[in-house]
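Here is the structure we will look at.
Taken together, the values in this text are just the output of simple stated rules run on the coordinates, not laboratory data. Quick caveat: nothing in here was measured; it's all calculated off a predicted structure. Please note: Cβ atoms are built from the backbone with ideal geometry, for glycine as well, and neighbour counts cover all protein chains shown.
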Amino acid sequence: MSVVRAENIRFVYGGGTSFEKTALDDVNFEIEEGEFVGIIGHTGSGKSTLVQLLNGLIRPTEGKIYINGKDIWEEPKKIREVRFKVGMVFQYPEYQLFEETVYKDISFGPKNMGLEQDEIDKRVRSAAEFTGLREDQLESSPFELSGGEKRRAAIAGVIAMDPDVLILDEPTAGLDPLGRDALLSQIVDYHKVRKNTVLLVSHSMEDIARIADRILVMSKGKKWMLDTTHNVFSRGKELENIGLRVPQITKIMMMLRQKGINVDPTVLTVEQGFNEIVNYLS
Amino acid sequence: MPGKSFIHKMDARAKILLLIVYIVFIFLCYNFISLAVMTAFTVLVIALTKISFIKYLKSLKVILVIIILTGILNLFYGSGEVLWEWWMIKLTTGGISNYFFVIIRISILMMVSSALTYTTSPTDLTDAIERLLKPLSFFHVQVHEIAMMMTIALRFIPVLLEETDKIMNAQKARGADMESGNIFQRVKALIPVLIPLFVSSFRRANDLAMAMECRCYNGGKNRTRMKILHYSVTDLIALVFSAVMFVGVILCNLYFPNFV
């Protein structure tokens, strides 16, 4: 059974007014349990709207969303439980920190779930460990942390709810290259250990190519494609037409191939590309 | 709301000054006939702005509670023939006419004020206020600074609203419950929204101050303007016409002193 299923989703902003705008139109897809799915799309393609629909922050104008086979809007009063199952990390999540200590802030989600004190403590500590926060930082004020650490604390706050599906909306925006790589590998590790489903929205094709199993491509409010990373990035020309691109290394390999050099044009990471070229040269 | 009507074209300073005089005159109306003159004037102004009347009615919705409350208070503070009595409360003919008088007065006041804000951009408005308050700088009031603060405050309202929305969503995603519970629980539920909002407002204010200083901004003196306000024929016409109306109000007050 698929963990997330969207059926004919349509979403209209400002319905009934002169500012009416269709953000999503007839979107269908299924995501299997334990998958790591990347979501890409040009600015305004409906990515952010889509992820907000998935955890019930907004309600689709038409269509249905199923989490673990259950329609999330069947009982609107219980929408909070959906939000515990589908954890959502927004863009620049560090601006949502509010508690006196990092520990208290991370435990805000689990507390809202009504868990026991021991369980909360366990979850807070393991979430902090996943995101690379030190034990002594838990007792400091979140406002004393550096930008990157604040972001880790905010992400830990969502991870601590131990959601079945974790959605991250551009978690690495505005971080330095080292911080970015560290955070991404922590997310990958988390995914490997917990074996839950992760949806990652990103503008970096390189990041997505490296870590995603499948990619959902959005364009102008419609699902353009949902396929394996390999298949999506083998359609370089078409991706460019909708304002996206393939990873730089893939582009180079494609061009080498066009020049008649016998390399695999579908490599996705720099390491793979390096090996391909070395093989060719030797 | 942008537009090209007669009222839109008027100088913002003229509009503010006329609004002040209008407010004074609304409180100088002693009877229904002078109030009728003011109402006619209001309707004319609204028609001239070419903005749909529904928008004006919506502006009334904001102060609906105030209108109802003052109306009801006035209902029981009248003299005249007693129509109905219960304990300390008396309903009189005078009270009923007071009731309508006050309601009409507040409503047209609100609508004309809306006509000002609907037809004038916030920047023009603060600009005009700055110019009108300029004489106060003689008393060492920092008029330019006050106007600048007003402009910035107005400018950041939409930004803050958007920010509030974002933070609320983020906290809701962590299971914050803001839609149920009693009043205390709801106020408490606002803390996770208010604290980040304050923090980011301070950060934003700091950034803005820094950016202004980097561009060597320093207050009022010798500062030229991009848009210079000019009085024009339009303002003169409006002034003369309003003057006629206001004289009309005084005459109505004098000639029908007992028509209440």
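Pull out a ≥ b ≥ c, the square roots of the eigenvalues of the alpha-carbon gyration tensor of the protein assembly as shown, then state rounded if a/c is under 1.5, prolate if not and a/b is larger than b/c, and oblate in the remaining case.
Verdict is prolate for the protein assembly as shown.
How much net charge surrounds B:Val112 when only the other residues with a Cβ under 14 Å from the Cβ of B:Val112 are counted, with Lys and Arg +1 and Asp and Glu -1? Numbers along the way, then the final one.
On the way: positive: B:Lys15, B:Lys55, B:Arg105; negative: none.
In short, +3.
Per residue of region A:199-214, what does 6.51 cos²θ - 1.76 cosθ + 1.60 with θ = phi - 60° give for ³J(HN,Hα)? Whole Hz please, x for Gly and Pro, Karplus curve as stated.
10, 10, 8, 8, 9, 8, 4, 4, 4, 4, 4, 6, 10, 8, 7, 10
Please state the relative contact order of chain A as a whole percent: Cα pairs under 8 Å, 6+ residues apart?
Details: 517 pairs, mean separation 61.0, N = 282.
That works out to 22 percent.
For region A:112-187 and region B:129-155, what is the separation of their Cα centres, given in Å?
46 Å
Between A:Ser204 and A:Ser146, with labels modelled 7 Å along Cα→Cβ, what's the label distance in nm to one decimal, could you check?
1.6 nm
List the GluC sites (Glu not before Pro) within region B:149-193 that fall in a DSSP loop (any state other than H, G, I, E or B) and whose Cβ has at most 13 other Cβ atoms within 10 Å. Present the calculation step by step, with values, prior to reporting the outcome.
Working: sites: B:Glu162, B:Glu163, B:Glu179; in loops: B:Glu179.
Sites meeting the loop and neighbour criteria: B:Glu179.
Please order B:His140, B:His8, A:His42 by the number of other Cβ within 10 Å, starting at the fewest.
B:His140, A:His42, B:His8
Taking each residue in B:174-187, count the Cβ atoms of any other chain within 10 Å of its Cβ, then average. What number comes out?
Going residue by residue through B:174-187 and averaging, the value is 3.
Between A:Ala23, A:Ala153, A:Ala173, find the one with the highest GNM mean-square fluctuation for chain A; connect C-alpha pairs within less than 10 Å.
A:Ala173
Among B:Glu81, A:Glu119, which comes first, second and so on when ranked by fewest other beta-carbon atoms within 10 Å?
B:Glu81, A:Glu119
Taking amide H positions as placed 1.01 Å from N in the peptide plane, with prolines and chain starts having none, which residues 5 or more places from A:Leu24, or on another chain, fall under 5 Å of its amide H?
Counting only residues 5 or more places away or on other chains, the set is A:Phe11.
Which ordering of A:Leu281, A:Leu256, A:Leu166, B:Leu251 is given by a fewest-first count of other beta-carbon atoms within 10 Å?
Ordered from fewest to most neighbouring Cβ atoms within 10 Å, A:Leu281, A:Leu256, A:Leu166, B:Leu251 come out as A:Leu281, B:Leu251, A:Leu256, A:Leu166.
If one takes the longest principal axis of the Cα atoms in chain A, at what angle in degrees, from 0 to 90 and to the nearest 10, does the Cα axis of helix A:117-130 lie?
Taking Cα atoms only, the helix is inclined about 30 degrees.
For region B:28-93, what is the largest minus smallest coordinate of the Cα atoms on each principal axis, given in angstrom and ordered from greatest to least?
In descending order, the Cα extents are 49, 27, 18 Å.
Just to be sure I understand the model, the point goes 7 Å from the Cα along the line to the Cβ. What's the resulting B:Ala153 to B:Ile237 distance in nm?
3.5 nm
Kindly count the pairs of lysines across chain B whose alpha carbons are less than 18 Å apart, treating pairs on different chains or eight or more residues apart as eligible.
Close lysine pairs under the 18 Å cut-off: 13.
So what's the angle, to the nearest 10 degrees on a 0 to 90 scale, between helix A:147-159 and the longest Cα principal axis of chain A?
The angle comes out at about 70 degrees.
Under the rule a/c < 1.5 gives rounded, and otherwise a/b versus b/c splits prolate from oblate, where does chain A land using the Cα gyration tensor? If you can, show how the numbers build up before the last one.
Numbers: a/c = 2.04, a/b = 1.26, b/c = 1.62.
Here chain A falls in the oblate category.
Using a Gaussian network model on chain B with a 10 Å cutoff between Cα atoms, which of B:Ile63, B:Ile191, B:Ile54 fluctuates the most?
Maximum among the listed residues: B:Ile191.
Can you tell me the FRET efficiency between A:Thr228 and B:Met226 if r is taken as the Cβ-Cβ distance and R0 is 60 Å, rounded to the nearest 0.05?
The value I calculate is 0.60.
Given a cut-off of under 8 Å on Cα pairs at least six residues apart, what relative contact order in percent is computed for chain B?
Worked out over chain B, it gives 33 percent.
Under the rule of -39500 (n - 2.57) per DSSP H run of 4 or more residues, summed and divided by the residues of chain A, what mean residue ellipticity at 222 nm is obtained, to the nearest 500 deg cm²/dmol?
Working: 12 runs with 111 residues, N = 282.
Calculated mean residue ellipticity at 222 nm is -11000 deg cm²/dmol.
Hydropathy first: keep DSSP H helices in chain B averaging at least 1.0 on Kyte-Doolittle, then drop any whose Cα extent along the axis falls short of 24 Å, and list what survives.
B:32-49, B:93-119, B:233-255
Kindly identify region B:93-252 as rounded, prolate or oblate by the Cα gyration tensor criterion: order the square roots of the eigenvalues as a ≥ b ≥ c, call it rounded if a/c is under 1.5, otherwise compare a/b with b/c, prolate if a/b is larger, else oblate.
Since a/c reaches 1.5 but b/c is at least a/b, the shape of region B:93-252 is classed as oblate.
What percent do you get for the relative contact order of region B:132-214 when only Cα pairs under 8 Å and 6+ apart count?
Once divided by the residue count of region B:132-214, the mean separation gives 23 percent.
Relative to the first principal axis of the alpha-carbon coordinates of chain A, what is the inclination of helix A:248-258, with its axis defined by its Cα atoms, in degrees from 0 to 90 and to the nearest 10?
Result, in degrees: 20.
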